[in-house]
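Okay, structure first, notes after.
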Amino acid sequence: MKIIIVGCGRVGYSLAGKLNAENNDVTVVDLSAEKISDVTAQFDVMGVVGNGATLAVLKEAGIDEADLFIAVTSSDELNLLCCMIAKKEGNCQTVARIKDPEYSKEAEYLKKQLDLAMVINPEYEAAKEIARVLRFPSAMRIEPFGKGRVELISFRIGAGNLLIGQSVRDVMGRIRANVQLATVERGDEAYIVKGDTVFAEKDVLSFVSTPKDAAEFLSKIQHKGYSIKDAMIVGGGIITHYLCELLEKSGISLKVIEKNYDVCEELASEWTKLTVINANPSDHALLKEQGIEKTDAFVALAPLDEENILLSLFAKEWGVKKLVTKINRIDYDGVVARLDLDTVVCPKNVTADIILRHVRSAKNTKGNNMENLYNVVQDEVEAAEFIVKDGSAIIGKPLSELDLKNNVLVASIVRDGVVILPRGNASIQAGDSVILVTKDIALSDVEDVLA
């Protein structure tokens, strides 16, 4: 596909790399010549310096031949304007990033009136991810599939866990849990699990199950479970706003520490049950004064990655049970993984997953719709959900008879609202929602798993 991206900030940079890696023809547009130079030097993409809301610049970028136009500048208004012009002058689908809560409330209206293919709100998607793990704090990551009926859950295997030293075959034979073990992350490596995979302390294990069965499985393996009664949040930005909205009726008591007085005033006026502290969250004495050692969860949402990482390490020293750390820079991923900071949330990666799903679905000529896409391990392991259509080559045969590629796992089937955790004799039918987990394979169609 020929794709134009306006805006070369963190989200635009990440998108350019991921879309280029999947053999798309990508052109980036930005007012900053330096940013354009950085992106074009790093990836095999074209660059245009200029205002993406002007017709001359869009024509130079190739709007007449574009299949997809993505506006991800820091300005919601500019993104909408860019999409309006691109839609009028080109025959392409348009995607706008919108982060302001006021616009977000009218996302469906804007999508319909401006004929947008998609409206993306990275901050809201990040807040949803944080809310999920605060409700189920035993997990590091939770990704819903099958309209929430099934989840992919990741957790770190701690000391004393019954999985340590056991193989997948042993575990499934003894515990009798209704789950599908999917992947293991160990150090810098990631694997699709097999019957002889043996678990070790500090492994990050991902599995697929219903929410109810997940809780039962974690209890059986003696993974320490607990609930969150209160959370301390540092930073009062847009993600915090959405998080307060999502957790308003959760029963979790929230305390926000923010140094900007006007932001504090806005939060306090909108969320009357919220405790808001106007202070510098980097002040360790203040954090101790506000009871960091007694809080159940610490959520670092400050603007700077470095600040979030250091604050999370400080909270870890004080024994906070649940840590959530927001980072934006992709080059920090490896470092953060080695620091064992529990849940790490990256808004730009969420955005990239959503757009990649859209691009792959648009490329798919076989008709099996991709419903969801999630990077379990960035650039290594992904989980994809497809709705299987009539005529697909994977229909009817038992899974044990399908000639699947290496490093492929059929993790779950949802049929008529019922979750089926597939075993060898299970088969896929038309209309099923199928969740696939793959390593080093970019799926555009469910049949891509066949050898």
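The values are calculated or read from the model by the stated rules, or taken from the named source; none is laboratory data. Computed from a predicted model, the values in this text were never measured in an experiment. FYI the Cβ positions are ideal-geometry reconstructions off the backbone, even for glycines, and counts take in every protein chain you see. Surface areas here come from the heavy atoms of the whole protein model, side chains and all, with no ligands, DNA or RNA. Shrake-Rupley method; radii C 1.70, N 1.55, O 1.52, S 1.80 Å.
Highest mean first, the peptides 409-418, 39-48 sorted by other C-beta atoms within 10 Å per residue fall in the order 409-418, 39-48.
Which trypsin sites (Lys or Arg not before Pro) does segment 75-119 hold that lie in a coil by DSSP with at most 12 other beta carbons within 10 Å?
Details: sites: LYS87, LYS88, ARG97, LYS99, LYS105, LYS111, LYS112; in loops: LYS99, LYS105.
Passing both the DSSP loop test and the Cβ count: LYS105.
Using alpha-carbon positions, what is the distance between the centroids of segment 248-282 and segment 167-245, in Å? Their Cα centres are 30 Å away from one another. Once backbone amide H atoms are built at 1.01 Å from N, GLY47 has VAL28 as its partners under 5 Å, excluding neighbours fewer than 5 places away on the same chain.
Under a point-charge model restricted to the Cβ atoms of Lys and Arg (+1) and Asp and Glu (-1), what is the dipole moment magnitude of the chain relative to its Cα centre, in debye to the nearest 20? Intermediate values should be presented prior to the final figure.
Working: 52 positive and 67 negative charges, 308 e Å.
Charge dipole, the chain, about its Cα centre: 1480 debye, nearest 20.
Whole-Hz Karplus values for segment 285-301 come out as 4, 5, 4, 5, 4, 7, x, 4, 6, 9, 7, 7, 9, 10, 10, 9, 10 Hz, taken residue by residue from phi with 6.51 cos²θ - 1.76 cosθ + 1.60 and θ = phi - 60°; glycine and proline positions read x. Other residues lying with their Cβ under 10 Å from the Cβ of VAL449 contribute a combined charge of -3, Lys and Arg counting +1, Asp and Glu -1.
Greater than 28 Å separation of Cα atoms is the criterion. Which listed pairs, LYS316/LYS348; LYS249/LYS321; LYS220/LYS273; LYS105/LYS224; LYS363/LYS397, meet it? Pairs exceeding 28 Å: LYS220/LYS273; LYS105/LYS224. Of the trypsin sites (Lys or Arg not before Pro) found in segment 124-201, those in coil by DSSP whose Cβ has at most 13 other Cβ atoms within 10 Å are ARG176, LYS194.
Shown in residue order for segment 120-131 are the 3J(HN,Hα) couplings computed by the Karplus curve 6.51 cos²θ - 1.76 cosθ + 1.60 at θ = phi - 60°: 10, 10, x, 5, 5, 5, 5, 4, 5, 5, 5, 4 Hz (x for Gly and Pro). For a straight C-alpha distance cut-off of 13 angstrom, the aspartates and glutamates reachable from LYS194 (same-chain residues fewer than eight places away being disregarded) are ASP170.
About its Cα centre, segment 224-353 has a charge dipole of approximately 500 debye under the convention of +1 per Lys or Arg Cβ and -1 per Asp or Glu Cβ, with nothing else charged.
Database remark: amide H of ILE233 closer than 5 angstrom to the amide H of LYS255, VAL256, ILE257, VAL299 (H placed geometrically; neighbours at sequence offset of 5 or more, or on other chains; Pro and chain starts carry no H).
For segment 165-323, the fraction of 1.4 Å probe accessible surface lying on carbon and sulfur atoms is 49 percent. Looking at segment 83-182, the GluC sites (Glu not before Pro) that sit in a DSSP loop and have at most 15 other Cβ atoms within 10 Å of their own Cβ are GLU106.
Across segment 286-438, the relative contact order, built from alpha-carbon pairs under 8 Å that are at least six residues apart, equals 15 percent.
Quick check on my link table: of LYS128/LYS439; LYS147/LYS389; LYS87/LYS111, which ones sit more than 22 Å apart, alpha carbon to alpha carbon?
On the way: LYS128/LYS439 26 Å; LYS147/LYS389 18 Å; LYS87/LYS111 12 Å.
Flagged as over cut-off: LYS128/LYS439.
Tell me the relative contact order for the chain as a rounded percent, counting alpha carbon contacts under 8 Å between residues six or more apart. The partial results should precede the final answer.
On the way: 915 pairs, mean separation 51.6, N = 451.
Normalised by residue count, the contact order of the chain is 11 percent.
Compute the Rg to Rh ratio over the chain from the alpha carbon atoms, using the Kirkwood formula for Rh, and round to two decimal places. Working shown, then result.
Numbers: Rg = 22.6 Å, Rh = 23.3 Å.
Ratio of gyration radius to Kirkwood radius for the chain: 0.97.
Calculate the tail of P(r) for segment 147-230: the fraction of all Cα-Cα distances greater than 23 Å, expressed in %. Summing the P(r) of segment 147-230 above 23 Å gives 16 percent of all pairs. Derived scalar couplings between HN and Hα for segment 258-265 equal 9, 7, 8, 4, 5, 5, 4, 4 Hz in order, rounded to whole Hz, by the Karplus curve 6.51 cos²θ - 1.76 cosθ + 1.60 (θ = phi - 60°), x for Gly and Pro.
Amide H contacts under 5 Å for ASP432: VAL388, restricted to partners 5 or more places along the chain or on a different chain, H placed in the peptide plane at 1.01 Å from N.
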